[in-house]
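Visitor: I'd like to ask some things about the structure below.
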Amino acid sequence: MFSTKLTKILALTSVFTILQSVELSTSSYASTFQGYTPPKERRPLQRTDGAGSRGCPEGLFGSLNLLVPNDHVGLTISERPTFSWHVSAVPSTPMKFALVEPGVAKPLFVKKIKVDKPGLVQLQIPSDIKGLTVGKQYRWTVSLVCNTKRPSLSIYARSWIARVPLTEVNNFSKTASEQQVRDKAMFYAQQGIWYDAVATMTKAYLSNPDSQFYATYLHGLLNQVGLSDVMANELQRLAEG
């Protein structure tokens, strides 16, 4: 019993130390990392996060947070972008992702996803699916369907995405150095291209979760849109094993 409690205490202490380090690192990078610059012409919206049980059995699911801005539509330059979200617990049923084109009843893309561990999740639109059109706004949803006969009781989170043209040419190579990833994410963030900035950094972090560098920058981006708790939960999960 004592050993178990000691292990948990050490794990939480480790999380606190990492978070302090992340905050310090973010501060030290302030002169070079300008963070996310929202587009001047913002398209307002209210981000919907999933939480609670609604029509699902108690304790079946924790919380669901889409990695998106909380007060405006995020942008992408990608024809088939990558979507990112965070789950605090492992659902007992598959999650469902849906991308809907405006004015079209049938979803552009639907996929069931089996999540086998809590944490960050990413999904890229496949190459055989129709790409996003520049200038259009699309709705995307991640849901946990507990009752197929009453889908309205599902836990869900919803947001929007709009594709814009790339107005500046970048010469990023295909190398995957930390400096290269940071510069690429910074470029997107400063141009107001939220989805590509957070997708780049999330992918790098998931490939190397021990990297304080990636954790720092991802924390910085999420903190700007009111999602600092996501990174805190992620680091705590890693510390507890």
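The values are calculated or read from the model by the stated rules, or taken from the named source; none is laboratory data. For clarity, every value in this text was computed on a predicted model and none was experimentally measured. FYI the Cβ positions are ideal-geometry reconstructions off the backbone, even for glycines, and counts take in every protein chain you see.
Visitor: Count, please, the residues in the range 89-147 that happen to be surrounded by 14 or more Cβ atoms within 10 Å (Cβ to Cβ) and basic (Lys, Arg).
Guide: Count: 3.
Visitor: A further question follows. Kindly indicate which of VAL115, VAL121 is assigned to a strand (DSSP E or B) and under 26 Å from ALA215 (Cα atoms).
Guide: Testing whether each residue is assigned to a strand (DSSP E or B) and under 26 Å from ALA215 (Cα atoms) leaves just VAL121.
Visitor: Between residues in the range 180-204 that are in a loop (DSSP other than H, G, I, E, B) and residues that are hydroxyl-bearing (Ser, Thr, Tyr), which pairs lie under 6 Å by C-beta distance while being six or more apart or on different chains?
Guide: GLY192/THR37
Visitor: Does LEU75 satisfy the criteria of being surrounded by 15 or more Cβ atoms within 10 Å (Cβ to Cβ), at pLDDT 85 or above and not acidic (Asp, Glu)?
Guide: yes
Visitor: What number of residues within the range 76-112 are over 24 Å from GLN191 (Cα atoms), in a loop (DSSP other than H, G, I, E, B) and among the β-branched types (Val, Ile, Thr)?
Guide: Total meeting the criteria: 3.
Visitor: Mind counting the residues in the range 84-139 that are among the aliphatic types (A, V, I, L, M) and either out of contact with any Lys or Arg (no Cβ under 9 Å at 6 or more places or on another chain) or over 17 Å from ALA162 (Cα atoms) (or both)?
Guide: Here the count works out to 11.
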